[in-house]
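Chemist: Handing you this structure, nothing more for now.
The values are calculated or read from the model by the stated rules, or taken from the named source; none is laboratory data. As the structure is a computational prediction, the values presented were derived from the model and not from experiment. Cβ coordinates were reconstructed from backbone atoms using ideal geometry, including for glycine residues, and neighbour counts include every protein chain displayed. Ligands, DNA and RNA are excluded from the accessible area calculation, which covers all protein heavy atoms including side chains. Shrake-Rupley method; radii C 1.70, N 1.55, O 1.52, S 1.80 Å.
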Amino acid sequence: MSPTVLVVEDESKLRDLLRSFLEREHLTVLTAASGADALALASHAEPDLVVLDLGLPDVSGLELVRELRRGSDVLVLILTAMSSEEDRIRGLELGADDYVTKPFSPRELILRVLAMLRRGRGIDESPHQRSFGGHLLEIDDDQHEVRVRGIAVNLSPTEWGLLSELARIPGRVFSRYELVNAVRGYEWEGYERVIDSHVKNLRRKLGEDTSHPLIIETVLGIGYRLMPRRDGS
Ligand code: CA
C-alpha cells in the first residue's frame, strides 16, 4: 500500500500543486484547509506523514504540531515563512521531524517527503532498541532516545537523522553525500562539509574521544560508519 500524506494548507493553489506533485510519486494524498479538518482527518485516516503549513486561519500551526504528536508518531514536515525562525525552532522542539521554508520549489519538498518516508520505514523495520559500539550506545526508537553508557543524550533532529542513517546498516561506510541525502533529502551544495560539523557535535554529545572513537569511525576520503558491536552479533 502506498504511504498516505496529509497536506494541511489554506492556500488552495499551493494545496492543489502539492497534491499533484505528491500523487505523481504514487503517494495517497489527503488535503485539509484548516486545523480542525486536519485533526479530524489525521485521527480517522492515520496518514504516514503530514505536510503542515504553520500559518493557518483557525488554529496556531504550532498547537497543531503538538496535537498531532500527542496522538501518534506520524511524521510531520512543517512549512514556515522564511522570516519566522522562532516558529521553525519551536515546531522542531514540539516534535516536527523536518521543515521547509516558503517559498520553496515543489521538487525540493517532494524529495524531503520521500526521504522522511524512507527513513521512517527504515526505523520501523528494525528492532526498537538497538545497541552499538560494544553496547556503549543504545538507540531506543520507541522513546526516540539515544543513550550512551545508559545516560540519555539530547540530539538535534539532524544529529538524530545522521545517527539513524548510520545505524541502519552498522559497519557499512556511508559517504558524506549519502548522509546529506538521508538527512536533508536532497543534495545541497557545500552541505557535505556541514556533515562533518554535525558529526563532530554528535561525537561530542556521545562522549567520544575523537582521537580514539569507539562509536563512529571516520573513513578517510569517504565518510563515516557506525562501529559494529564488538561481540560480533
Ligand atoms: Ca497559510
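Chemist: Going through segment 91-105 one residue at a time, which ones are open to solvent by less than 30 Å² (accessible area, probe 1.4 Å) and assigned to a helix (DSSP H, G or I)?
Modeler: Listed by number, the list holds a single entry, GLY91.
Chemist: Report yes if some residue within segment 62-72 is touching a strand residue (DSSP E or B) at 6+ places or on another chain (Cβ under 6 Å) and within 13 Å of the ligand (Cβ to nearest atom); otherwise report no.
Modeler: No, because not a single residue in segment 62-72 is touching a strand residue (DSSP E or B) at 6+ places or on another chain (Cβ under 6 Å) and within 13 Å of the ligand (Cβ to nearest atom).
Chemist: Quick one: which of ARG88, ARG15, ARG19, ARG24 is more than 16 Å from the ligand (Cβ to nearest atom) and of a type in the set (Lys, Arg)?
Modeler: On the way: ARG88 fails: more than 16 Å from the ligand (Cβ to nearest atom); ARG15 fails: more than 16 Å from the ligand (Cβ to nearest atom); ARG19 fails: more than 16 Å from the ligand (Cβ to nearest atom).
Within the list ARG88, ARG15, ARG19, ARG24, the selection yields ARG24.
Chemist: Could you go through segment 41-59 and let me know if any residue there is surrounded by 13 or more Cβ atoms within 10 Å (Cβ to Cβ), in the same structural domain as MET116 (by TED's automatic domain parsing), in a helix (DSSP H, G or I) and within 16 Å of the ligand (Cβ to nearest atom). I'd like the intermediate steps shown before the answer.
Modeler: So in segment 41-59, the residues surrounded by 13 or more Cβ atoms within 10 Å (Cβ to Cβ) come out as 41-42, 47-56, 59.
Right, trim to in the same structural domain as MET116 (by TED's automatic domain parsing) and you get 41-42, 47-56, 59.
Among the residues that remain, those that are also in a helix (DSSP H, G or I) are: 41-42.
Applying the additional criterion that residues be within 16 Å of the ligand (Cβ to nearest atom) yields none.
Checking segment 41-59: not a single residue is surrounded by 13 or more Cβ atoms within 10 Å (Cβ to Cβ), in the same structural domain as MET116 (by TED's automatic domain parsing), in a helix (DSSP H, G or I) and within 16 Å of the ligand (Cβ to nearest atom).
Chemist: Given (1) in contact (Cβ under 8 Å) with a residue 40 or more places away in the chain; (2) within 16 Å of the ligand (Cβ to nearest atom); (3) surrounded by 15 or more Cβ atoms within 10 Å (Cβ to Cβ), identify the lone condition not met by ALA38.
Modeler: Condition (1) is where ALA38 drops out.
Chemist: Residues of segment 178-195 being open to solvent by 50 Å² or more (accessible area, probe 1.4 Å) and at pLDDT 80 or above, which ones?
Modeler: Result: GLU178, single match.
Chemist: Just one of VAL8, VAL76 is more than 12 Å from the ligand (Cβ to nearest atom) and either open to solvent by 50 Å² or more (accessible area, probe 1.4 Å) or within 29 Å of LEU155 (Cβ to Cβ) (or both); which is it?
Modeler: Values: VAL8 fails: more than 12 Å from the ligand (Cβ to nearest atom).
Criteria check complete, one pass: VAL76.
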